[in-house]
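**Q** First the structure, then my questions, so here it is.
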Amino acid sequence: MPEQLYDPVLAPFIGNLFELMDEGLVEAWLERSAVVEFDAGQSRPLAQALALIELLRRHPVILSAVQVLAVELDGGTQWLLTDSLTHARQLVDAIGGVEVGCHPVADVVHEQFGGIALLGTLG
């Protein structure tokens, strides 16, 4: 994630958090930080930090490096467990799949696999 999205003063605190977020979460953060900055009259670094805290409160799964991509492939939905969304998305694109969502691991295991799933490799 390009550092120009956030004030450089936040860089040591943000680390790789934006690499763990999908575009929807980044957009939500940008929108919330703009509201705090302009409507509440806060400085940009404070607004961005507060917006990030709010986003993490609402989506704690961001702090987990492991996520699940739902992918349409060969007429069905496949569930890809990954510690790198960037790499997984590149692989999905290379094999002709289409990403349809990014989900917390626990939700997918519970909802799609009845509480237990068998892992295999792809690629």
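Here, each number is a calculation from the coordinates, and none is a lab measurement. Owing to the predicted nature of the structure, the values given are computational and were not obtained by experimental measurement. All Cβ positions, glycine included, derive from the backbone under ideal geometry; neighbour counts span all protein chains shown.
**Q** For Thr82, Thr121, Thr77, what ranking results if the residue with the fewest other Cβ atoms within 10 Å of its Cβ goes first? Can you show the working numbers first?
**A** Working: Thr82 19, Thr121 4, Thr77 12.
The order, fewest Cβ neighbours first, is Thr121, Thr77, Thr82.
**Q** While we're here: Once all Cα-Cα distances of the chain are split into 5 Å bins that start at 0, what whole-number percent is in each one?
**A** 2, 10, 18, 19, 16, 12, 10, 7, 4, 1, 0
**Q** Tally Lys and Arg at +1 and Asp and Glu at -1 over the other residues with C-beta under 11 Å from the C-beta of Asp22: what net charge comes out?
**A** Details: positive: Arg89; negative: Glu19, Glu23, Glu27, Glu99.
For residues surrounding Asp22, the net value is -3.
**Q** Compute the helix-to-body angle for 85-94: its Cα long axis versus the longest principal axis of the chain, expressed 0 to 90° and rounded to tens.
**A** It is inclined by approximately 50 degrees.
**Q** Nearest 0.05, what FRET efficiency do Val98 and Val26 give at R0 = 25 Å with Cβ-Cβ as r? The partial results should precede the final answer.
**A** On the way: r = 20 Å, r/R0 = 0.81.
E(calc), rounded to 0.05, equals 0.80.
**Q** How far is the Cα center of region 51-71 from the Cα center of region 1-41, in Å?
**A** Cα centres, region 51-71 to region 1-41: 13 Å.
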